[in-house]
Amino acid sequence: MSRISVMGESLVDVVEETAHPGGSPLNVAVGLARLGHDVQFYTEFGQDSYGIQIAEHLDQAGVHVAAGSVTGHPTSVAQVVMDEHFNARYTFDIHQQIPAVPADDSSELLHTGSIAAWIEPSGQTIVDAFKNASDDSLRSYDPNLRPDLVEDRDSALQRIELLMGLSHIVKLSDVDGQWLYPGLEPWEVLKHVASLGPALAVMTQGGDGCVALSSGRQFDVAASPTNLVDTIGAGDAFMSGLLFGVLANPEFAQALRHGATAKSQDVEEALRQALTSAALTVAQAGANPPWIKDFSLAIAQ
């Protein structure tokens with residue numbers, strides 16, 4: 001079990017008038033806790049009915065909520081509409097003023113992503129945490145873009161690339177890549193991302209699996225078989241599965257931390273675990289990452 005700090009937004013996804021706890025960083029925190037890790041979550045949610053629902057969801061998964069995360073502000077909300085292909089589209093009412101990670105934080109991994117990482121005031125808090133993180137701590141980042149919330153594209157891109165450069169692991173979707181770098185093919189996007197600094201750059205491609213770049217080597221792994229219910233939380237489950245795979249292999253984690261060349265089989269195994277986590281999630285309604293028992297059984301098959 002690793003000690004992990006996750007920073008980012010909490011919100012409820014409202015689907016057909018039913019609220020579900022969500023937000024990319026929250027989903028990753030829950031996913032990692034369900035897989036057995038000790039997770040501290042730096043976020044913001046209110047004391048209203050939505051906030052109570054989020055608090056119960058986090059508690060059931062075993063996620064520790066950092067002091068200062070529960071405020072008197074209303075809990076952020078995402079209205080979700082599913083299209084005919086079961087893909088989710090969102091509209092947001094969001095604000096995040098998250099507490100800072102202590103300077104003496106001894107986490108093995110610091111993860112962030114999505115909206116809170118580039119809106120203020122949470123964005124600067126996250127950048128400071130990444131800049132001040134211990135050299136012994138891995139840093140991971142998932143842009144998980146929401147273009148409808150972007151008011152200044154250049155500023156958003158600058159912040160996103162800053163966090164990419166401060167990270168050892170970056171995961172983005174093919175949709176993220178198209179928005180960030182229009183006209184570039186997936187491998188070109190990954191090469192650009194890798195040039196900013198991360199030792200492992202990964203792009204998910206929905207039902208086609210994922211591609212990745214590490215130490216100049218290309219990896220292409222097919223998606224795991226599944227019965228699709230919806231895609232809510234798929235990318236976040238991929239992220240928690242990927243981080244689980246990295247942390248389960250200390251030699252691999254050490255190579256990424258120091259920019260050394262990792263073994264190809266270690267990269268491929270972590271990607272397979274990420275895809276298994278995503279496959280288990282899309283087979284259920286909503287953002288519902290797997291528990292360690294179901295995940296271990298699926299990996300063993």
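The values are calculated or read from the model by the stated rules, or taken from the named source; none is laboratory data. Everything numeric here is computed off the predicted structure, so don't read it as measured data. Neighbour counts run over all protein chains shown; Cβ positions are idealised from the backbone, glycine included. These area figures cover heavy atoms from the full protein model, side chains too; ligands, DNA and RNA do not enter into them. Shrake-Rupley method; radii C 1.70, N 1.55, O 1.52, S 1.80 Å.
Quick notes on this one:
- Modelled this way, with points 7 Å down the Cα-to-C-beta line, the labels at Lys263 and Met1 are 2.7 nm from one another.
- Of the GluC sites (Glu not before Pro) found in region 115-196, the ones in coil according to DSSP and having at most 14 other Cβ atoms within 10 Å of their Cβ are Glu151.
- Our coupling estimate for region 277-282, obtained by passing each phi through the Karplus curve with A = 6.51, B = -1.76, C = 1.60 and θ = phi - 60°, is 4, 5, 4, 5, 6, 6 Hz, Gly and Pro reported as x.
- Per-pair calculated FRET efficiency, R0 = 22 Å: Ala283 and Leu184 via Cβ, rounded to 0.05: 0.10
- Interchain or long-range residues, amide H under 5 Å from Gln284's placed H: Val229, Asp230
- Bridge orientation summary for region 1-64: considering DSSP beta bridges with both residues in this region, about 45 percent are antiparallel.
- With DNA, RNA and ligands ignored, accessible area of Tyr50 (1.4 Å probe; Å², nearest 10): 80 Å²
- Per-residue HN-Hα couplings for region 43-55 [Karplus 6.51, -1.76, 1.60; θ = phi - 60°; Hz; x = Gly/Pro]: 8, 8, 8, x, 9, 7, 4, 5, x, 4, 5, 5, 4
- Using the rule -39500 (n - 2.57) for each DSSP H run of four or more residues, divided by the residues of the chain, the 222 nm mean residue ellipticity is -11500 deg cm²/dmol.
- Remark on His111: its backbone amide H falls under 5 Å from those of Ser5, Val6, Met7, Ser140, a criterion applied only to residues 5 or more positions apart or on other chains, H modelled at 1.01 Å from N.
- Low-density loop cleavage sites - GluC sites (Glu not before Pro) in region 21-127, where at most 14 other Cβ are within 10 Å (DSSP): Glu84
- Amide H contacts of Gly23: Leu11, each under 5 Å away and 5 or more positions distant or on a separate chain (H built 1.01 Å from N in the peptide plane; Pro and chain starts excluded).
- Percent RCO, i.e. relative contact order, over region 143-301, from Cα pairs under 8 Å lying at least 6 residues apart: 20 percent
- Note: relative contact order over region 68-167, using C-alpha pairs below 8 Å and six or more positions apart, is 24 percent.
- Pairs beyond 22 Å (Cα-Cα), from Lys171/Lys293; Lys171/Lys263; Lys131/Lys263: Lys171/Lys293; Lys131/Lys263
- Using θ = phi - 60° in the Karplus curve 6.51 cos²θ - 1.76 cosθ + 1.60, the 3J(HN,Hα) couplings for region 120-136 round to 9, x, 5, x, 5, 4, 5, 4, 4, 5, 5, 5, 9, 5, 4, 5, 8 Hz; x is entered for Gly and Pro.
- For region 168-253, averaging the sequence separation of C-alpha pairs within contact (under 8 Å, six or more residues apart) and dividing by the residue count gives a relative contact order of 22 percent.
- Sorting 122-131, 164-173 by average packing, meaning the other beta carbons within 10 Å per residue, from highest down gives 164-173, 122-131.
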